[in-house]
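Taking it in order: structure first as structure tokens, then the write-up.
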Amino acid sequence: MVEGATTLTPGARRWRVVITLVVLGLLLYGSIAGSDQDFPLGPMTQYAFYVAPNGSVVQSALWADTTAGTHVRVPLDPNGVGIRHGELEQQLGEIEQQPERLQAIVTAQRRLHPGQPQYVRLYVVLTIYALHDRVPQPPVRKTVLTWTVPT
């Protein structure tokens with residue numbers, strides 16, 4: 001024993017064992033039945049998934065036409081429009097069904113960057129990377145949604 005060090009009492013040791021078992025149990029549950037909503041105790045599937053050797057990888061992006069006449073990629077981060085890229089990907093199905101949900105991004109951009117050109121039209125663009133024997137082929141871009149901001 002190190003001089004000046006104290007040992008744990010039996011009660012403190014039991015408490016640490018209980019806490020360890022609870023955390024391990026939560027991790028096990030999250031890994032088996034959890035979703036990204038449970039992160040960090042559930043899987044973060046946007047980064048961990050299997051792609052077949054001849055499958056494809058799909059990357060989503062949000063683009064905008066602005067009041068200055070430019071076509072820009074929307075910065076999906078807290079400093080850009082207040083949401084992260086993963087949040088957009090998680091809600092793509094709902095956004096395709098209700099494109100007006102993109103209004104929140106327009107509002108956030110106006111609030112966070114009032115001096116910059118504002119968005120007038122948004123595009124959800126998928127870039128598809130087909131794989132052939134795990135080798136990426138030239139990407140294909142597909143615009144899956146165009147939404148004009150109401151005036």
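The values are calculated or read from the model by the stated rules, or taken from the named source; none is laboratory data. Everything numeric here is computed off the predicted structure, so don't read it as measured data. Positions of Cβ are backbone-derived with ideal geometry, glycine not excepted, and every protein chain shown enters the neighbour counts.
Annotations for the structure displayed:
- Any chance Ala104 is of a type in the set (Gly, Ala, Ser), in the same structural domain as Ala130 (by TED's automatic domain parsing) and either in contact with an Asp or Glu (Cβ under 8 Å, 6 or more places away or on another chain) or not in a strand (DSSP E or B) (or both): yes
- Any chance Pro138 is at pLDDT 95 or above and in a loop (DSSP other than H, G, I, E, B): yes
- Residues within the stretch 115-129 that are within 30 Å of Ala52 (Cβ to Cβ), exposed (fewer than 15 other Cβ atoms within 10 Å of the Cβ) and not polar (S, T, N, Q), tallied: 1
- Those residues of the stretch 90-101 which are in a helix (DSSP H, G or I) and either surrounded by 14 or more Cβ atoms within 10 Å (Cβ to Cβ) or polar (S, T, N, Q) (or both), in sequence order: Gln90, Leu92, Ile95, Gln97, Pro99
- Odd one out for Gln59 among (1) at pLDDT below 90; (2) exposed (fewer than 14 other Cβ atoms within 10 Å of the Cβ); (3) not in a loop (DSSP other than H, G, I, E, B): (1)
- Test result for Arg111, surrounded by fewer than 14 Cβ atoms within 10 Å (Cβ to Cβ) and within 20 Å of Val72 (Cβ to Cβ): yes
- Residue in the stretch 73-85 that is in a strand (DSSP E or B), surrounded by 13 or more Cβ atoms within 10 Å (Cβ to Cβ) and at pLDDT 90 or above present: no
- When residues of the stretch 1-46 are limited to those that are at pLDDT 80 or above and of a type in the set (Gly, Ala, Ser), the one surrounded by the fewest Cβ atoms within 10 Å (Cβ to Cβ): Gly11
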